[in-house]
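Working notes, structure below.
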Amino acid sequence: RAAFSIKNIIYETLMLKNYETGEYEPWLATDWSFEDDTTLVINLRENVYFSNGDLMTSEDVLYTVYRYVNSSRISTSYSFIDYDACSTNGDYQVILKFHNPTGAALGYIASMMVYNKSYTESVGNDAMATQPCGTGPYQLVEWVSNYGISYERNENYWGGIGVEVEFDNIEVRYYTELTTMMVDFETGALDIATYLSESDVKRIQNGEVPGSTVYVTP
């Protein structure tokens, strides 16, 4: 759950999947095209800034690709990318090369969280876990182990596409017991509760938790 919240609040991806149409739509990338079966050209959005004020460029995206290709945990998923043959063309274009034609390539690339190259190299991987630096609408303030994470508005946020940053601060709490989480939700300590038990879902649907609504998502 920690990784999920950080990915969606702090980090952003080059493209997003529209689950209604099944198509990928622009985000940090404005457009992309396959020059051939093993070459993908990605054009980046300009004037996108990381939370520390650094401008996002093609070097950051290429560095992100490098991290995914060489990750000990997920490198096999990205082994189709021929990183040594990848390159940049100016500050806002990345050319990705593949070893072989790969049907799922766009899906894997769309899941990459874009990292700040200079910042990540300066603080190191261990610090990145508790001091992340992304292009998203929020930045991490404090991470308390086994309790939760506090975020604040990223004043350098580029604006997104139809994104409204409604809150100055967000707090995500972790629970080991669903009953404890539901008690906090019903008493107003939480505005949103996720991963509800089946019984609690039915209670809300039956109107037993006033003012509450259940949303079922993929």
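The values are calculated or read from the model by the stated rules, or taken from the named source; none is laboratory data. Here the structure is a predicted model, which means the values were calculated and not measured. For neighbour counting, all protein chains shown are included, and Cβ atoms are generated from backbone atoms with ideal geometry for every residue, glycine included. Protein only, heavy atoms only, side chains kept; ligands, DNA and RNA dropped before computing areas. Shrake-Rupley method; radii C 1.70, N 1.55, O 1.52, S 1.80 Å.
Here are the numbers for the structure shown:
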quantity: Residue within the range 195-212 that is free of Cβ contacts under 8 Å to residues at least 12 places away in the same chain and β-branched (Val, Ile, Thr) present; calculated: yes
quantity: Any helices (runs of 4 or more DSSP H) falling wholly within the range 83-163 and containing at least 3 residues that are among the small types (Gly, Ala, Ser) and either within 17 Å of Ala29 (Cα to Cα) or in contact (Cβ under 8 Å) with a residue 40 or more places away in the chain (or both); calculated: 105-110
quantity: Test for Arg67: is it free of Cβ contacts under 8 Å to residues at least 12 places away in the same chain, open to solvent by 40 Å² or more (accessible area, probe 1.4 Å) and over 30 Å from Glu166 (Cβ atoms); calculated: no
quantity: Qualifying residue in the range 6-29 (condition: under 30 Å from Leu196 (Cβ atoms), touching a residue at least 12 places away in the same chain (Cβ under 8 Å) and among the polar types (S, T, N, Q)); calculated: yes
quantity: All positions within the range 164-218 that are within 28 Å of Asn18 (Cβ to Cβ) and assigned to a strand (DSSP E or B); calculated: Ile170, Val172
quantity: Search result, residues across the range 124-158 that are under 21 Å from Val69 (Cβ atoms) and open to solvent by 50 Å² or more (accessible area, probe 1.4 Å); calculated: Asn125, Asp126, Ala129
quantity: Matching residues, the range 35-61, being part of a helix (DSSP H, G or I) and in contact (Cβ under 8 Å) with a residue 40 or more places away in the chain; calculated: Glu59, Asp60, Val61
quantity: Meets criteria (touching a strand residue (DSSP E or B) at 6+ places or on another chain (Cβ under 9 Å) and more than 30 Å from Val172 (Cβ to Cβ)) for Glu12; calculated: no
quantity: Residues (more than 17 Å from Ser111 (Cα to Cα), open to solvent by 80 Å² or more (accessible area, probe 1.4 Å) and of a type in the set (S, T, N, Q)) located in the range 2-48; calculated: Thr21, Asn47
quantity: Among residues of the range 49-63, those that are closer than 25 Å to Ile81 by Cα and either among the aliphatic types (A, V, I, L, M) or open to solvent by less than 20 Å² (accessible area, probe 1.4 Å) (or both), counted; calculated: 5
quantity: The range 105-119, subset modelled with pLDDT of 95 or more and polar (S, T, N, Q), residue farthest from the chain's Cα centre (by Cα); calculated: Ser118
quantity: Pairs where the first residue, in the range 164-191, is hydrophobic (A, V, I, L, M, F, W, C) and the second is outside any loop (DSSP other than H, G, I, E, B), C-beta under 6 Å, 6+ apart; calculated: Val165/Arg153; Ile170/Tyr151; Val172/Ser5; Val172/Gly148; Val172/Ile149; Met182/Asp200; Leu190/Asp184
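Yes or no, residue by residue, for (1) modelled with pLDDT of 90 or more; (2) more than 19 Å from Lys7 (Cα to Cα):
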position	(1), (2)
Asn125	no, no
Gly136	yes, no
Glu155	yes, no
Met182	yes, yes
Thr187	yes, yes
Asp200	yes, yes
Thr213	yes, yes
Val216	no, yes
